[in-house]
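Here the structure is laid out as structure tokens; the discussion comes afterwards.
Only the coordinates and a few stated rules stand behind these numbers; no lab work does. The shown structure was predicted, so the numbers you read here are calculated from the model rather than taken from an experiment. Cβ sites come from the backbone with ideal geometry, for glycine too, and all protein chains shown count toward neighbours.
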Protein chains: 2
Amino acid sequence: MYHLVYNTLMTNKIQTRGRPKTFDETEVLILAMHHFWEHGYDKTSLDSLLKAMGIKKSSFYATFKSKEELFSKTLELYREQTIQSLRNLKENVGAKEAMLTLSELTIKELKETGKVRGCLLVNSGKECYNRYEDLSRQISHEFNFMQNMFAELIQDAKDKGEIKNPKDAKTIAGRYMNTLNGLIVTIQAGASSELIEDLIENLKEILE
Amino acid sequence: MYHLVYNTLMTNKIQTRGRPKTFDETEVLILAMHHFWEHGYDKTSLDSLLKAMGIKKSSFYATFKSKEELFSKTLELYREQTIQSLRNLKENVGAKEAMLTLSELTIKELKETGKVRGCLLVNSGKECYNRYEDLSRQISHEFNFMQNMFAELIQDAKDKGEIKNPKDAKTIAGRYMNTLNGLIVTIQAGASSELIEDLIENLKEILE
DNA sequence: ATTTATATGTACTAATTGGTACAAAAATGT
DNA sequence: ACATTTTTGTACCAATTAGTACATATAAAT
């Protein structure tokens, strides 16, 4: 699932003199991303991060400038990964089904693990809002990037007649994302299963 | 706005011997609630909390058992306050308009302060999710309590013909809350003003 | 063999965390 | 006058935070 992202970010550094790195920068970045996704930015301590990445403090600061710089890189990676996955899904099952898969994955995660992590960008948006200016700016950029990607998918589905909703693609994209992101926080706030099920139904209606 | 809550929670303690408390328990609880609302639970340090409440550490621990106990009390206060405000609004402007006022307040807050705090319960739900068992349980309880309150309002509006949506009141309540809570995180993720405006429109459509 | 760049590991820093302990002052009822 | 209770203020605690510094080891290119 991540190999495409891997290729995208791959540093492919030309072999220099000296002892070569014993870890792959992108591989440990992916590990970091999952750790941040699970625990959030502030609640991720440097020590736990180093354990998750399997590298030492000195290597960490030599490779990534700081915790914030690393986090910024994982946000970019997350957006690239998500968009790449959606493109793949579109090729395999079509645009509309690709979007529905997203909500299905959330429910699957809830049923299998008993919890939902939500979207890393939205989680981070809430956490960084009014606290980390640079990160907030980046999150806004990635978020709008993703809305455009969703709008592309919806336009594709509209062209094929899979979606009949007369509203323009970007509007539908925004409403779909909003309902899905709402669903996440609603689950995390402890809503009833009846409400959760109806919100899934709501998502389907948006793409009709 | 808070005086009704104040009366509800008022301890009205019978005068005992000894030096009387120089602060009102409920008053400092309200101050604490606003501080938590602004900064979240984890990011609120005890020191900043004490400053906001205007009491000393010794008095704090003598009155409230711990930071978590205090936070739990503020969550209950928040729910009571919100429900009381909605009841008042319903008396003054009617059930449907009362609900629309909520989203208007969010936009007003955004325009006046440049940011949105969101719902304390939802914020806390995200923060406590999978981390604080007791608090999560309580948040779930308060959240469902509020959904029922919204459902009451909607039923009232349906009875008066203000809302024609054939879905049952509790379902509409859930969708309204979900879209509103989605709107909050969408704003905090840095969505465009076009998206924000359409989501307000979406909220209105839900109550038609 | 030498240079170069990286690795590990340990020891720091200064600040902050939630919470405890206790002494002394002050305000009240009896 | 005395008992009772809460006040303020100071001094702690042990743990954790992100980040720095440095000595030593190691692997590869030249």
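Within the listed set A:SER140, A:SER45, A:SER193, the Gaussian network model of chain A (springs between alpha-carbon atoms below 10 Å) gives the highest mean-square fluctuation for A:SER193. Here is how far apart the B:PHE145 label points are across copies: 4.3 nm, shortest first, using a point 7 Å from Cα toward Cβ. Under the simplified labelling scheme, the A:ASN88-A:LYS65 pair shows an inter-label distance of 3.2 nm, with each label point 7 Å from Cα along Cα→Cβ. Under the simplified labelling scheme, the A:GLU208-B:ASN144 pair shows an inter-label distance of 2.8 nm, with each label point 7 Å from Cα along Cα→Cβ.
What FRET efficiency would be calculated for the residue pair B:LYS111, A:LEU110, taking the C-beta separation as r and a Förster radius of 41 Å, to the nearest 0.05?
With a Förster radius of 41 Å, E is 0.70.
Put simply, the Cα atoms of the stretch B:93-183 extend 43, 32, 18 Å along their principal axes, the longest span coming first.
Among the listed pairs A:LYS126/A:LYS160; B:LYS65/B:LYS115; A:LYS56/B:LYS73; A:LYS204/B:LYS170; A:LYS111/A:LYS204, those whose Cα-Cα separation exceeds 31 Å are A:LYS126/A:LYS160; B:LYS65/B:LYS115; A:LYS56/B:LYS73.
Restrict the search to the stretch A:58-144; then list the trypsin sites (Lys or Arg not before Pro) that DSSP places in a loop and that have at most 14 other Cβ atoms within 10 Å of their Cβ. Counting only loop positions with at most 14 other Cβ atoms within 10 Å, the trypsin sites (Lys or Arg not before Pro) in the stretch A:58-144 are A:LYS65, A:LYS115, A:ARG131.
Each copy carries a label point for A:GLY114 at 7 Å from Cα along the beta-carbon vector; from one copy to the others these points are 4.4 nm apart, nearest first. Counted by neighbouring Cβ atoms within 10 Å, the residues A:MET177, B:MET146 run from fewest to most as B:MET146, A:MET177.
For the pair B:ASP159 and B:SER58 in one chain, pulling the backbone fully straight at 0.36 nm per residue adds 31.0 nm over the alpha carbon distance. Here the contact order of chain A, divided by its residue count and restricted to Cα pairs under 8 Å and six or more residues apart, works out to 19 percent. In this structure the amide hydrogen of A:GLY94, modeled in the peptide plane, comes within under 5 Å of no amide hydrogen from residues 5 or more places off or on another chain.
The rotation axis taking chain B to chain A passes closest to this chain B residue's Cβ, listed with the gap in Å: B:GLY182, 1. Spacing of the modelled spin labels on A:SER193 and B:GLU97, each 7 Å from Cα toward Cβ, amounts to 4.2 nm. Computed from the C-alpha gyration tensor, the three semi-axes of the ellipsoid equivalent to the stretch A:3-206 are 33, 20, 15 Å, from longest to shortest.
Quick check: the distance between the Cα centres of the stretch A:157-181 and the stretch B:48-76, to the nearest angstrom? If you average the Cα positions of each part, the centres end up 47 Å apart. Dividing the helix sum by the residues of chain A, where each DSSP H run of 4 or more adds -39500 (n - 2.57), gives a mean residue ellipticity at 222 nm of -24000 deg cm²/dmol.
The convex hull around the C-alpha trace of the protein assembly as shown, projected and averaged over every direction, spans 23.9 square nanometres. Distances between equivalent label points of A:SER48 across the copies, with each point positioned 7 Å along Cα→Cβ, amount to 2.0 nm, shortest listed first.
Count the net charge of all other residues whose Cβ sits under 13 Å from the Cβ of A:ALA98, scoring Lys and Arg as +1 and Asp and Glu as -1. Residues near A:ALA98 contribute -2 overall.
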